[in-house]
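The numbers here are math on the coordinates, done by the rules we state, and not lab data. Source: prediction; values computed, not measured. Here the Cβ positions follow ideal geometry from the backbone for every residue, glycine too, while neighbour counts run over all protein chains shown.
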Amino acid sequence: MLLTLMVGLIQKIHSFFDFGKLANYISRSVIVGLVTGVAVIIAVGQLTRILGVEQMHEENVVLHLYRIGANIGNINLAPLLIALVTIGVVLIGKRILTKAPAYLLAIGISVGLVYFFGLETELQLVGDFQGVFPGFNLPTLDLALARKLLSYSFTIAMLGFLEVVTVSEFNSKGSVDEDEINKEYLRIGVANTACSLFGGFAGGESFTRSFINHEAGAQSRFSQLIAVVFVLAFVIFFGWIIKYFPLASLGAILILIAFEMVDWEEIKKIVGITKFDTLVFFVTFAGVILIPRLDYAVYLGILFSLLLLVKDSSNVNYSYLKIGDKEVDQTQPSKLEGDQVIMDLSGDLHFAATEDLKKQLEETLREESILILRMRNVDDIDITVIEELDEIIDEAKEDKDVFFTGLTSDLQDKFKKAGLIDKLGEDHFFTQEKKLFTASRKAVKKVEEN
């Protein structure tokens, strides 16, 4: 109860600091990899129930399958038959009785088989179930225990956030409003805080329940309220029936849900379009089914995608320009006339791109005497790149010359603070003007006059 209370409080604190913004850093490939991996875990986790072998808790899917294979000779036919009946009823119900609740119908038939054929001793059932309201019970505020539980509470809180993002984005087939994610995360925090006062344990978004709800045609959160009311009424008034629920039947339904969770079209799209997304998807998927901790697997997917982004951003976006009196064309340095070259830089120039930028600038200055750097399309620049430009200027001062054009007021201010303008002189820096390439033409004219 104390752990649940701590999880709820952490989630509320997170939402207060707009934790939903972190959803922007979880790519679609990570989400699809996570959901696909979870679907495999859910399906494999139910095999012991439908095969009637001893329940096991292995660290990952591979070990779980290995253990099931080692116990294949101990299969119990009764749960297997119940599971097959359940799957058959669901599939037939969905195809023929499209308006009927197929899953509920399958559970009803399996319960009927258990009750009328006396299969209580042949199957693993839910067992005795007391339909009573939980009583109010404050958690014991033990500071020593709270310190021990702190890391676990953060992990559970973060897993709750990842579940919110995953279910929201997967159901919406794309990005969702970060404010909505933050609000949903706050709701879960409030719910967990309240649950801790009634003997409950920490909960969050449910993959299987969400997909069943979505498949049933739910359009709003009101569907959840209806579901809660029906569950509450059923537990209170028909709790005696629950003890006859065969776990094999529930396992079969979860396997069907897991299969439907896998978005094959989305996976095909990811794998078929970009290598970047393909790698992120498979790394996340492999992490989910192999790493014991689900949150660690998601962190691995996010980290891997960020590493690929850093690698991609290590390449400088640039082109060479030939500026005439009326026309501007892209060209190659070998086709330029004279001893000057105009390099048009674009995008973000951050530390990851420093080495590539240095290589391109040195190669250009090795061939040409005058370098004009057009920076109108540069969105941002950091101190590492500025210091590299400073070194290039020092190397070029002997027999080369460097000019900067298309500078925004922000870029000019950064260059001034870094001492570049004082080192080269103000006549080597041209601010951008309303008409495109005006500043670059001024720089070319300045070079020709010298």
Original post:
Any idea what angle helix 61-70 forms with the longest principal axis of the chain, computed on alpha-carbon atoms, 0 to 90 degrees, nearest 10?
Top reply: 40 degrees
**OP:** Rounded to whole Hz and in sequence order, give me ³J(HN,Hα) for the stretch 341-353 from the Karplus expression 6.51 cos²θ - 1.76 cosθ + 1.60, θ = phi - 60°, writing x for Gly and Pro.
**Re:** 9, 10, 9, 9, 8, 8, x, 8, 10, 10, 3, 5, 8
**OP:** Kindly rank 30-41, 439-450 from highest to lowest mean number of other beta carbons found within 10 Å of each residue.
**Re:** 30-41, 439-450
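Report for the chain the percent antiparallel among DSSP-assigned beta bridges with both residues inside it, nearest 5. Spell out each step's value before the answer.
On the way: 10 of 26 bridges.
Within the chain, antiparallel bridges account for around 40 percent of the total.
Once fully extended, how much extra length lies between residue 360 and residue 418, figured as 0.36 nm per residue of separation less the alpha-carbon to alpha-carbon distance? Write out the running numbers ahead of the final one.
On the way: separation 58, 0.36 × 58 = 20.88 nm, distance 2.19 nm.
Once the chain is fully extended between residue 360 and residue 418, it gains 18.7 nm.
How big is the convex hull of the Cα atoms of the chain, per residue, in Å³? Please list the in-between numbers first.
Working: hull volume 100.1 nm³, N = 450.
Output value, Cα hull per residue: 222 Å³.
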**OP:** Report the Stokes-Einstein translational diffusion coefficient (µm² s⁻¹, integer) for the stretch 53-202, Rh taken as the Kirkwood radius over Cα pairs, at 20 °C with viscosity 1.002 mPa s.
**Re:** 105 µm²/s
Subject >> Protection-proxy order for peptides 353-364, 232-243, each taking the mean of Cβ atoms within 10 Å per residue, highest first >> reply: 353-364, 232-243
Subject >> Integer Hz, Karplus 6.51/-1.76/1.60 couplings in order for the stretch 389-404, x for Gly and Pro >> reply: 4, 4, 5, 4, 5, 4, 5, 8, 5, 5, 9, 10, 8, 10, 10, 10
**OP:** Compute the long axis of helix 2-16 from its Cα atoms, compare it with the longest principal axis of the Cα atoms of the chain, and write down the angle in degrees, 0 to 90, nearest 10.
**Re:** 30 degrees
**OP:** Could you pull out every residue, at least 5 positions away or on a different chain, whose amide H is within less than 5 Å of the one on residue 403? Hs are placed 1.01 Å off N in the peptide plane, and Pro or chain starts have none.
**Re:** 371, 372, 373
**OP:** Taking amide H positions as placed in the peptide plane 1.01 Å from N, state which residues far from residue 344 in sequence (5 or more) or on other chains have amide H under 5 Å from it.
**Re:** 319, 320, 321, 374
Original post:
Summing +1 for each Lys or Arg and -1 for each Asp or Glu, what net charge is found among the other residues whose Cβ lies under 14 Å from the Cβ of residue 74?
Top reply: +1
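Compute for the stretch 399-450: radius of gyration divided by Kirkwood radius, i.e. Rg/Rh, restricted to C-alpha atoms, rounded to two decimals. Walk me through the numbers before you get to the answer.
Values: Rg = 11.1 Å, Rh = 11.4 Å.
Rg/Rh: 0.97.
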**OP:** Specify the angular offset, from 0 to 90 degrees and rounded to the nearest 10, of the alpha carbon long axis of helix 275-290 from the longest principal axis of the alpha carbons in the chain.
**Re:** 30 degrees
Original post:
Using modelled backbone amide H atoms (1.01 Å from N, in-plane), which distant-in-sequence or interchain residues come within less than 5 Å of residue 76's amide H?
Top reply: 52, 53
Original post:
Which ³J(HN,Hα) values, rounded to whole Hz and listed in residue order, are derived for the stretch 421-435 from phi using the Karplus coefficients 6.51, -1.76 and 1.60 in 6.51 cos²θ - 1.76 cosθ + 1.60 with θ = phi - 60°, glycine and proline given as x?
Top reply: 5, 5, 6, 8, x, 5, 6, 9, 10, 10, 6, 5, 10, 4, 7
